[in-house]
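Accompanying notes for the structure given below.
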Amino acid sequence: MDKIFDTDKRIRLGIWGLGRGQSFINSAKWLNLDVVAGCDINAEMRKGFHKNVPDAFVTADEDEFLALDFDAVLVATYLPDHTEHAIKALRAGKHVMCEVTAFMTPADGVRLVEAVEASGKIYHLLENCPFSKANMYLKKLWDEGFFGDFIYGEYEYVHCVRHLSYAYNFRVDGKHLLIEPGWVVHNWRAALNIHYYNTHSLGPLMHITGLRPVAVEAFPNAVLMPGTLAAEGCKTSNAASLIRMSNGGVMRNLMGGMTMDNHAGGRLWGTRAGADKMDDNRLRICIGADGSGLKTWVDPEWPAIGRFAETAGHGGADFWELYYFAREILTGEKGSWDVYAASDVTLAGILAARSARQGGAPQTIPDFRDKHQRDAYRDDHDEGARRFDPGAVFPADADKSLVGEFNAVMVELYRNDGAIMHVYTVLQGMRLYDRILEGFDRLHIVTEAIRLKKRLPEIKNLCEKARRMADAYPDSVGGRTLAYGLDQAPLDAIMEPDKTIARIDAWLDKLK
């Protein structure tokens, strides 16, 4: 096996949270990381971990897990638990790398920073989007002075995964593992104000430019995507904020799940050059230190060991997260996402949500490197933020035989190849077909139209189940969620499948 680090020292790693956490197993082997233990409350995830790492210890008991003799913990548990679990691991004498985000309130951020400082251990935030090939290449050019000073930027992480409010991001025998019981939604995804999940868009700009956010403002947006849990005051489908960076430049930060995904697309303007990677992560750079300069497509390159990243998750980014963590443990060379950078990016989201609650009032983002600034937020538990009980989707006395199907129905309606997407793909594709440029896209629409004819009765049945639940509990969060989704769905096409099939057949005949 090729060696990345010039040492035979190994790092014994425990993974806490075996859904997302297992995606790092393959990359670990290149980086002197031996996965020796796993912990999760979910039996199916423990079973999957044992299959992937048969020689590792696995348990549902976090205390038993942390009592084991290993060096570092990868925390990938529920987002609201990240602070407590990271602190507990640090106090157990472990280095910590933690999934995003780092904490949910400024007070928890103070506790985390001071726990890291007291422990003498290494803490990294597992923010992956800065480590795409394009973003790492932009970082290299920026550090060379190619772009000059930062003026303005736009980054976004728009990823429509509504079904993950009702199922784990984990499959068993190819099927989504549903949240059980079926009337209880996901611990945090289902009702998260998406401002809190801002690291995948702000993170790349911070990493590339080396700047930190110093102020933020955001307006509320109350329009929900159908299928999003109608937990008013908590859940949002999208979140946009304006952030002032430490050099005086400004960035627009966009997060959410809407009708056009863009995973960490971005644009940057410097005083010497500009860059655009909004189009499928392709990179275009404007040279000449002028807006009318040559706009040329560029093939970005990895750093020297990039070949190891090619097969890792998230376009190679998962490899680099582990690499910088292992490098700091083995060599002492610092990584980018220490607890202070983690605080910068996390606070920007918390305070953007606060700004939106206050009608767009600007918020100063403190620098938690400074103890005096931390002191002002030591007791800031973000009391104004509303939290949603994932078990309160329906009334406590609801008919469980009826609402027990809620999660299953929502997943089938709104998964990425779900019923609603399928129907709209065909209806909208038929409308646009003559103007679509790509032959493959036209073929896809024809294929989906043929497949929909067989699937329509099943989709009608799903909508009838949804209507029964909505009508039974119209004033509940679940009832409002279902009713809004049905109101936005193409019910004329769904509820009269014979007419829709005849329409599809007539359209297909015209194509012959």
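A few notes on this one:
Yes/no per residue for (1) modelled with pLDDT under 95; (2) touching a Gly at 6+ places or on another chain (Cβ under 6 Å); (3) surrounded by fewer than 21 Cβ atoms within 10 Å (Cβ to Cβ):
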| residue | (1), (2), (3) |
| --- | --- |
| 99 | no, no, no |
| 104 | no, no, no |
| 120 | no, no, yes |
| 126 | no, no, no |
| 132 | yes, yes, no |
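- The number of residues in the stretch 118-139 being more than 15 Å from residue 309 (Cβ to Cβ) and either among the small types (Gly, Ala, Ser) or free of Cβ contacts under 8 Å to residues at least 60 places away in the same chain (or both) comes to 4.
- The criterion of at least 1 residues that are touching a strand residue (DSSP E or B) at 6+ places or on another chain (Cβ under 6 Å) and in contact (Cβ under 8 Å) with a residue 12 or more places away in the chain is met, among helices (runs of 4 or more DSSP H) falling completely within the stretch 314-420, by 317-331, 339-357, 406-414.
- Counting only helices (runs of 4 or more DSSP H) that sit completely within the stretch 1-90, those holding 2 or more residues that are over 26 Å from residue 112 (Cα atoms) and assigned by TED's automatic domain parsing to the domain that holds residue 107 correspond to 25-28, 43-52.
- Residue list for the stretch 197-224, restricted to those being modelled with pLDDT of 95 or more, among the hydrophobic types (A, V, I, L, M, F, W, C) and either over 14 Å from the mean Cα position of the chain (by Cα) or over 20 Å from residue 342 (Cα atoms) (or both): 205, 206, 208, 211, 214, 215, 216, 218, 219
- Selection status of residue 273, surrounded by 22 or more Cβ atoms within 10 Å (Cβ to Cβ), among the hydrophobic types (A, V, I, L, M, F, W, C) and either assigned by TED's automatic domain parsing to the domain that holds residue 425 or at negative phi (or both): no
- Annotation: residue 327 fulfils all but one of (1) among the basic types (Lys, Arg); (2) outside the structural domain of residue 192 (by TED's automatic domain parsing); (3) in contact with a Pro (Cβ under 9 Å, 6 or more places away or on another chain); the unmet one is (3).
- Test: residue in the stretch 274-290 that is out of contact with any Pro (no Cβ under 8 Å at 6 or more places or on another chain), modelled with pLDDT of 90 or more and assigned to a helix (DSSP H, G or I): no
- Near pairs, Cβ below 7 angstrom, 6+ apart or cross-chain, from the stretch 150-173 (without any contact (Cβ under 8 Å) to a residue 40 or more places away in the chain) to any residue that is in a strand (DSSP E or B) and surrounded by fewer than 23 Cβ atoms within 10 Å (Cβ to Cβ): 171/177
- Some residue of the stretch 447-460 being within 31 Å of the chain's Cα centre (by Cα), β-branched (Val, Ile, Thr) and surrounded by fewer than 17 Cβ atoms within 10 Å (Cβ to Cβ): yes
- In the stretch 102-120, residue nearest to the chain's Cα centre (by Cα) [restricted to those that are under 16 Å from residue 84 (Cβ atoms) and assigned to a loop (DSSP other than H, G, I, E, B)]: 102
- Residues located in the stretch 176-188, provided they are in contact with a Ser or Thr (Cβ under 7 Å, 6 or more places away or on another chain) and either surrounded by fewer than 24 Cβ atoms within 10 Å (Cβ to Cβ) or farther than 26 Å from residue 406 by Cα (or both): 186
- Residue check, residue 332 small (Gly, Ala, Ser), modelled with pLDDT of 95 or more and outside the structural domain of residue 143 (by TED's automatic domain parsing): yes
The values are calculated or read from the model by the stated rules, or taken from the named source; none is laboratory data. Not measured: the values here are computed from a predicted model. Cβ atoms come from the backbone with ideal geometry, glycine included; neighbour counts cover every protein chain shown.
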